[in-house]
Amino acid sequence: MTFSYKSLRDSYVSNKPRSTSCVTLAVILGFLTVLGILLAIAVLERPPPSRDHETLPGDAGGSSSSTDQCSMVLVESIPQYVKYKGNVTFGIPLDKAWKDLLSMATDQLDVASFYWTLTGEDINVNSSSDIPGKEILKELEELPSRNVSVRVVTSIPSVRTNSTDLKVLKKKGVQARKVNFGRLTRGVLHSKFWIVDRKHVFVGSANMDWRALTQVKELGVVVYNCSRLAKDLYKIFQSYWVMGQSNSSLPQPWPAKYDTTINKHHPLLVKTDNVSSRLYLAASPPSFCPPSRTQDLEAILSIISEAQHFVHIAVMEYFPTTRFEKPQRYWPVIDDAIRTAAFERKVKIRMLISCGKDSDPAMLPFLKSLASMDSPHRGISVQIKLYIVPVGNQSDIPYSRVNHNKYMVTDKVAYIGTSNWSGDYFQTTAGVGLVISQHAPDPLWKTKTLQSQLRAVFDRDWHSEFAVHLSELGHHPDCTLSR
């Protein structure tokens with residue numbers, strides 16, 4: 001039932017005995033009038049409820065603070081025989097980060113990966129560079145004997161291989177499910193992440209592939225001792241896990257247990273060593289996201305639109321189209337955001353796109369179109385380079401010697417994702433992105449923040465001998481776009 005000042009007054013007048021004195025009635029009506037004014041003022045002064053909280057019961061608003069001692073490290077793999085000159089920044093080696101996480105696991109490990117090929121035999125290759133992959137597989141096999149529960153999800157459809165990894169792991173007690181994204185969304189499960197004991201996470205570009213450790217350039221982040229973030233990522237993993245059942249169908253809507261209180265509007269706030277960080281996980285496709293989850297595309301667009309000075313992008317593939325649906329469609333959503341930032345706000349754009357022996361030459365006209373905006377005398381800066389990993393004597397290893405990174409760093413935010421930048425990855429394909437915004441006193445900024453490290457890694461690659469301006473490409477034997 002609802003009450004208003006008018007209904008209360010009318011009820012009183014209609015029911016009051018006629019013997020009541022006019023003075024008493026006037027006093028009461030006067031009191032009610034004042035009460036009504038005060039109620040109106042209170043209503044006007046009360047801030048409207050945030051629309052972002054409609055699916056977040058119990059959330060108090062603003063940033064979600066955490067008492068966890070969250071710490072973040074950048075991790076990457078540099079392909080064998082790729083050497084940088086000078087004193088440059090590197091992330092922790094990916095194989096070391098993975099081994100550290102495996103050694104830390106005491107209770108549970110959940111892994112999402114597009115596919116599994118941790119040994120050379122999986123792809124009919126005999127190479128000593130698969131040794132780190134075999135070591136990771138061996139350590140995974142041993143986890144159940146340490147009473148660590150291991151679950152993995154992978155994709156249908158997936159990469160065609162002879163891999164026996166999952167069969168080997170199942171024999172050791174590992175649980176594995178393949179999620180039929182082809183049936184569910186007409187896409188694939190392209191996410192790559194780990195959750196260890198629901199308090200440590202890895203998110204990045206690397207699949208469970210030995211080539212990711214020694215033959216492909218990868219980048220990711222490990223967040224340690226951050227249970228709230230890990231439990232949030234666990235909700236995404238669990239959505240894959242339940243959809244990995246043979247008779248699964250997408251719920252409409254997702255049950256409340258998949259809701260999140262951590263998103264773009266309410267990031268997780270943590271403070272470690274005088275560095276304050278705001279974090280949230282974004283995801284795709286939309287059909288796997290409850291309303292409270294920030295979608296991956298929304299995160300990327302908001303990061304570009306909020307940048308004030310620069311946007312540095314490093315992705316393997318960049319297409320303002322769809323790639324896998326037939327017929328293909330023009331999809332300029334991210335392209336328009338980049339052009340708008342460069343043209344209207346004079347944000348400096350740098351893009352580092354991968355080129356290897358398996359890259360699609362159809363990408364080149366779109367990159368040239370974007371680069372043609374560059375106009376220094378008008379204050380428009382759009383520069384694009386191709387990062388080319390030298391193949392050398394590794395030509396017998398398929399789908400390797402490529403820069404597989406998927407990240408962005410601006411003057412405000414670091415973003416580390418798992419998706420290439422074309423339409424399908426945000427509409428039908430499963431992916432995740434970690435968004436990090438940090439603040440620290442000047443002396444600590446360069447040494448303690450992941451944003452600063454990620455910018456240094458981008459600058460290292462941008463100025464390296466492996467990065468070639470589109471205008472200076474010419475013929476390059478290891479890059480299909482130059483042919």
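The values are calculated or read from the model by the stated rules, or taken from the named source; none is laboratory data. Note that the structure is a prediction, hence the values are computed from the model and not measured. Note that we place each Cβ from the backbone using ideal geometry, even for glycine, and neighbour counts take in every protein chain shown. These accessible areas exclude ligands, DNA and RNA; they are computed on the full protein's heavy atoms, side chains included. Shrake-Rupley method; radii C 1.70, N 1.55, O 1.52, S 1.80 Å.
Select from region 148-179 the residues that are touching a residue at least 40 places away in the same chain (Cβ under 8 Å) and among the polar types (S, T, N, Q) and list them in ascending order. Explain how you work it out, then say what you get.
Within region 148-179, the first condition is being touching a residue at least 40 places away in the same chain (Cβ under 8 Å), and the residues that meet it are 148-155, 158-159, 161-166, 177-179.
Residues satisfying the conditions are Ser149, Thr154, Ser155, Ser158, Thr161, Asn162, Ser163, Thr164.
Answer yes or no as to whether Arg198 is under 21 Å from Asp100 (Cα atoms) and open to solvent by 30 Å² or more (accessible area, probe 1.4 Å). Judged against the criteria, Arg198 is a match.
For Asp396, the stated conditions hold: it is open to solvent by 10 Å² or more (accessible area, probe 1.4 Å), touching a residue at least 40 places away in the same chain (Cβ under 8 Å) and closer than 30 Å to Val159 by Cα. Do we find that Leu370 is open to solvent by 10 Å² or more (accessible area, probe 1.4 Å), under 20 Å from Leu470 (Cβ atoms) and either without any contact (Cβ under 8 Å) to a residue 12 or more places away in the chain or not in a strand (DSSP E or B) (or both) in this structure? No: the conditions fail for Leu370. Within the option set Leu189, Leu250, being over 13 Å from Thr154 (Cα atoms) and in contact (Cβ under 8 Å) with a residue 40 or more places away in the chain holds for one residue only, Leu250.
Summed over region 432-454, residues that are farther than 26 Å from Asp232 by Cβ and touching a residue at least 60 places away in the same chain (Cβ under 8 Å) total 2. Here Asn162 fulfils each of the conditions (1) assigned to a loop (DSSP other than H, G, I, E, B); (2) over 30 Å from Gln427 (Cβ atoms); (3) at pLDDT 95 or above; (4) among the polar types (S, T, N, Q) apart from (3).
If you go through region 399-437 and pick out every residue that is among the polar types (S, T, N, Q), open to solvent by 10 Å² or more (accessible area, probe 1.4 Å) and within 26 Å of Lys348 (Cβ to Cβ), you end up with 1. Scanning region 52-104 for residues that are open to solvent by less than 30 Å² (accessible area, probe 1.4 Å), modelled with pLDDT under 95 and of a type in the set (A, V, I, L, M) yields one hit, Leu56.
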